[in-house]
Amino acid sequence: MFFRKCKKCCGKLVLVDADIEVDIGGKTQKVKNVPAKQCTECRNLVVNEYVIERIKQYARDYPADILDFAECENEESVAASSIL
């Protein structure tokens, strides 16, 4: 769930493509181009739980040192449209 204000400082949240690290089964996975919201005041980063679940799925499907979320999403949409 996304909020309009930061829960930490009540600053404004803006949409960004972030680089994050996610713990997947005890292993840290670096991920770039993750859609998130970031506070303009305290720089707190908020990533939707749905996006985290997609990252975990992509980490299993596309093993890499650094996972590119946007690239994985693009590959998934191309595969889905080729089925139709």
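Things worth noting here:
- In this rough spin-label picture, where each label sits 7 Å from Cα along the Cβ direction, the residue 81-residue 53 distance is 2.5 nm.
- Of the residues 53, 41, the one with the fewest other Cβ atoms within 10 Å heads the list, and the complete ranking is 53, 41.
- Within straight-line cross-link reach of residue 27, lysines at Cα separation under 26 Å, skipping those fewer than 8 residues along the same chain: 37, 56
- Fewest neighbouring Cβ atoms within 10 Å first, the residues 55, 66 line up as 66, 55.
- Cα lying deepest toward the dipole's positive end in the chain, options 25, 13, 58, charges on Cβ: 13
- The alpha-carbon of residue 12 sits under 17 angstrom from the alpha-carbons of these aspartates and glutamates, leaving out residues fewer than 8 places away in its chain: 41.
- Take the Cα of residue 27, step 7 Å toward its Cβ, do the same at residue 61, and the gap between the two points is 1.8 nm.
- √(5λ) per eigenvalue of the Cα gyration tensor, segment 15-84, largest first, Å: 23, 16, 9
- The long axis of helix 69-83 is offset from the longest Cα principal axis of the chain by roughly 40 degrees.
- Where only DSSP H runs of four or more residues are counted, the chain gives -10500 deg cm²/dmol as its mean residue ellipticity at 222 nm, each run worth -39500 (n - 2.57).
- Between helix 49-61 and the chain: long-axis angle, C-alpha atoms, 0 to 90°, nearest 10: 30
- Net charge dipole, the chain: roughly 640 debye, given to the nearest 20, about the Cα centre with Cβ charges of +1 for Lys and Arg and -1 for Asp and Glu.
- GNM flexibility winner over the chain from 48, 74, 33 (Cα, springs under 10 Å): 74
No value in this document is a laboratory result; all are computed from the given coordinates. These numbers were taken from a predicted model, which means no experiment stands behind them. As a convention, Cβ positions derive from the backbone with ideal geometry for all residues, glycine included, and neighbour counts pool all protein chains shown.
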